[in-house]
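See structure below.
The values are calculated or read from the model by the stated rules, or taken from the named source; none is laboratory data. A quick note: this is a predicted structure, and the numbers were derived from the prediction, not measured. Note that we place each Cβ from the backbone using ideal geometry, even for glycine, and neighbour counts take in every protein chain shown. For the accessible areas, the whole protein counts, side chains as well, though only heavy atoms, and no ligand, DNA or RNA atoms are used. Shrake-Rupley method; radii C 1.70, N 1.55, O 1.52, S 1.80 Å.
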Amino acid sequence: MFVKIAENSQEREKAYMIRRQVFVQEQNVPLEVEIDEYEDVSTHFVLYNEQEHPIGAGRFRVIDNIGKVQRICVLAAGRKSGAGAKIMNAIEEYAIQQGIPQLKLDAQVHAIPFYSKLGYEIVSDEFMDAGIPHRTMIKTVL
């Protein structure tokens, strides 16, 4: 498995395809909520399997010198294989290269154990986003 930053519209479409499958089809997030106004100002990451098929995605943008990690997802067939951690590690390495000291994400409650294992800490009460319970988590990387 390897992670690549999307460098053109075709590569970005691979990230959108995965996000539509996971968030829109599986979790019933409305498409207009999933694909939003921040796409053009974000860096998109795509995870490929050994056959070079896209199986995971993530998005990163900077807000007030804090890295906002968003839209982390892996197709069902690739889950429980370390794929999610591979995406997160690539995003964290990118943030460090950009000199971004802290990362923040809004984790779906069921995914909190995954992010906790990666060193993220809960910093908010539970809240709803797209009809799904979330909590904000942060991690200092620099």
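Is it the case that GLN25 is of a type outside the set (Lys, Arg), more than 23 Å from PRO133 (Cα to Cα) and surrounded by fewer than 16 Cβ atoms within 10 Å (Cβ to Cβ)?
On the way: of a type outside the set (Lys, Arg): yes; more than 23 Å from PRO133 (Cα to Cα): no; surrounded by fewer than 16 Cβ atoms within 10 Å (Cβ to Cβ): yes.
Judged against the criteria, GLN25 is not a match.
Yes/no per residue for (1) within 14 Å of ARG12 (Cβ to Cβ); (2) surrounded by fewer than 14 Cβ atoms within 10 Å (Cβ to Cβ); (3) touching a residue at least 24 places away in the same chain (Cβ under 8 Å); (4) not basic (Lys, Arg):
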{"residue": "GLU32", "(1), (2), (3), (4)": "no, yes, no, yes"}
{"residue": "PHE45", "(1), (2), (3), (4)": "yes, no, yes, yes"}
{"residue": "PHE60", "(1), (2), (3), (4)": "yes, no, yes, yes"}
{"residue": "ILE72", "(1), (2), (3), (4)": "no, no, yes, yes"}
> Does any residue in the stretch 3-18 that is within 20 Å of MET88 (Cβ to Cβ) and among the hydroxyl-bearing types (Ser, Thr, Tyr) come within less than 9 Å, Cβ to Cβ, of a residue that is open to solvent by 30 Å² or more (accessible area, probe 1.4 Å) and not in a helix (DSSP H, G or I) six or more places away or on a different chain, and which pairs are these?
Replying inline: TYR16/ILE35
> Given the conditions (1) touching a Leu at 6+ places or on another chain (Cβ under 7 Å); (2) under 19 Å from THR136 (Cα atoms), which single one is not true for ARG59?
Replying inline: (1)
>> I'm trying to understand the selection: among the residues of the stretch 84-122, which are within 21 Å of VAL29 (Cα to Cα) and either assigned to a loop (DSSP other than H, G, I, E, B) or of a type in the set (A, V, I, L, M) (or both)?
In response: LEU105, ALA107, VAL109, ALA111, ILE112
> Pairs under 9 Å by beta carbon, first residue closer than 14 Å to GLN27 by Cα and open to solvent by 60 Å² or more (accessible area, probe 1.4 Å) in the stretch 123-137, partner in a strand (DSSP E or B) and not aliphatic (A, V, I, L, M), six or more apart or different chains?
Replying inline: MET128/HIS134; ASP129/ASP106; ASP129/GLN108
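Only one of ASP106, ASP36, ASP40 is open to solvent by 80 Å² or more (accessible area, probe 1.4 Å), among the acidic types (Asp, Glu) and at pLDDT 95 or above. Can you tell me which? Give the derivation first.
On the way: ASP106 fails: open to solvent by 80 Å² or more (accessible area, probe 1.4 Å); ASP36 fails: open to solvent by 80 Å² or more (accessible area, probe 1.4 Å).
On inspection, the qualifying residue turns out to be ASP40.
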> If you scan the stretch 28-75, which residues turn out to be farther than 18 Å from MET128 by Cα and polar (S, T, N, Q)?
Replying inline: SER42, THR43, ASN49, GLN51, ASN65
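Of all the residues that make up the stretch 19-30, how many are touching a residue at least 24 places away in the same chain (Cβ under 8 Å) and among the β-branched types (Val, Ile, Thr)? Spell out the reasoning first.
If we filter the stretch 19-30 for residues that are touching a residue at least 24 places away in the same chain (Cβ under 8 Å), which is where we start, we get 19, 21-23, 26-30.
Checking which are among the β-branched types (Val, Ile, Thr) leaves us with 22, 29.
Going through the stretch 19-30 one residue at a time, the tally reaches 2.
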